[in-house]
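Everything on this sheet refers to the single structure shown next.
The values are calculated or read from the model by the stated rules, or taken from the named source; none is laboratory data. Please read all numbers here as calculations on a predicted model, not as lab measurements. Every residue, glycine as well, gets a Cβ built from its backbone with ideal geometry; the counts of neighbours run over all protein chains shown.
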Amino acid sequence: EAQVTQNPRYLITVTGKKLTVTCSQNMNHEYMSWYRQDPGLGLRQIYYSMNVEVTDKGDVPEGYKVSRKEKRNFPLILESPSPNQTSLYFCASSLDGTDTQYFGPGTRLTVL
Amino acid sequence: GQNIDQPTEMTATEGAIVQINCTYQTSGFNGLFWYQQHAGEAPTFLSYNVLDGLEEKGRFSSFLSRSKGYSYLLLKELQMKDSASYLCAVHGSSNTGKLIFGQGTTLQVKP
C-alpha cells in the first residue's frame, strides 16, 4: 500500500530534550515536506526537500532541522524543544513537488 | 504578501448542497488544491485546478477563476461523513513545491 508513515504518533516531552520524528514514504517520491498545524493558523511549512541531500527552509524553520540522506526518509529533528513547538506535525510527499502532496497520519507533540 | 481566505465555519443539512469559497492573493500561482481533513487526521486530496473552469468528481466539484483569484468547492447530496474541515491550498511555486494553506473551513452537516 502506497503511504507516508510517521513515528511516533503521539509524544509528550520536556523542554530541551532532543527528539526526532521520523517520516518515510514508499512511493519513490522525490519531494518531501514537513508542516505544523496550529489552531487559527492552518498548515505552515517548516522544511522541504526536492531530492536526496537537497533541503530548504519553509515559512517557520526556526528550532527545527531536517536531513535527507535517502529518498524514502525525511526526519524532523528538534535539538532543544520548547513549549511553543507544541503542535500537530504532518509529513507529506509528492512525485516532484508540482503535483498532489500526500500526507502522513500526523504526530501530536506536546512540550512541557 | 501571501493571503488565502476561507470562511471559518459553515453549517448545512444532510442531502443539501454547500459551496465553500476561497480567495487568494499570492506572488505565484501554479494551481489550487482542495483537501478534506477530519479532526485529528491527515488532510486527504480532493481536487486540483490549474486552468479556469469547473472540475467535477462525483459529489464534489471545484471551480477556479485565476483572473479573480477565486475558487470554490461544491459538495452535493451532503452526507453526515462530510462533516470535516476543507482546506484550500495554492501551489505558489514550481521551484519549491510549496503549498500555501488557508486556515480551513469547518463544515458541520446536520440531520
- the range B:38-52 - residue that is of a type in the set (Gly, Ala, Ser) and in a loop (DSSP other than H, G, I, E, B) and, of those, farthest from the other protein chains (Cβ to nearest Cβ): B:Ala39
- Any chance A:Lys17 is among the charged types (D, E, K, R), modelled with pLDDT of 95 or more and over 16 Å from A:Thr107 (Cα atoms): yes
- Message: Could you tell me how many of the residues in the range B:18-34 are over 16 Å from B:Ala84 (Cβ atoms) and of a type in the set (A, V, I, L, M)?
- Response: 1
- Name the strands (runs of 3 or more DSSP E) wholly within the range A:41-112 that hold at least 1 residues that are of a type in the set (D, E, K, R) and within 14 Å of chain B (Cβ to nearest Cβ)? A:42-51, A:54-57, A:107-111
- Query: Within the range A:6-14, is there a residue that is surrounded by 15 or more Cβ atoms within 10 Å (Cβ to Cβ), facing chain B (nearest Cβ under 10 Å) and within 30 Å of B:Asn49 (Cβ to Cβ)?
  - Reply: yes
- Among A:Gly42, A:Gly58, A:Gly97, A:Gly106, which is the only one that is at pLDDT below 95, under 21 Å from B:Leu99 (Cβ atoms), out of contact with any Ser or Thr (no Cβ under 9 Å at 6 or more places or on another chain) and buried (at least 18 other Cβ atoms within 10 Å of the Cβ)? A:Gly42
- Task: Report yes if some residue within the range B:45-66 is touching a residue at least 40 places away in the same chain (Cβ under 8 Å), under 24 Å from A:Gly97 (Cα atoms) and touching a Cys at 6+ places or on another chain (Cβ under 9 Å); otherwise report no.
- Result: no
- So B:Leu73 clears everything in (1) away from chain A (no Cβ under 13 Å); (2) under 27 Å from A:Arg36 (Cβ atoms); (3) in contact with an Asp or Glu (Cβ under 7 Å, 6 or more places away or on another chain) except one condition, right? Which one? (3)
- Qualifying position, being farther than 28 Å from B:Phe29 by Cβ and either among the small types (Gly, Ala, Ser) or out of contact with any Phe, Trp or Tyr (no Cβ under 6 Å at 6 or more places or on another chain) (or both), among A:Val60, A:Val14, A:Val54: A:Val14
- Selection status of A:Arg36, in contact with a helix residue (DSSP H, G or I) (Cβ under 9 Å, 6 or more places away or on another chain) and either under 20 Å from B:Ser85 (Cβ atoms) or at the interface with another protein chain (Cβ under 10 Å from one of its Cβ atoms) (or both): yes
- Query: How about the range B:96-108: which of its residues are of a type outside the set (A, V, I, L, M, F, W, C), more than 8 Å from chain A (Cβ to nearest Cβ) and either part of a loop (DSSP other than H, G, I, E, B) or buried (at least 19 other Cβ atoms within 10 Å of the Cβ) (or both)?
  - Reply: B:Thr105
- Exactly one condition in (1) closer than 15 Å to B:Ile17 by Cα; (2) of a type in the set (Asp, Glu); (3) not in a strand (DSSP E or B) is not met by B:Glu56; state its number. (3)
- Query: Limited to the range B:2-35, what total is found for residues that are closer than 23 Å to B:Ser67 by Cα and of a type in the set (A, V, I, L, M, F, W, C)?
  - Reply: 7
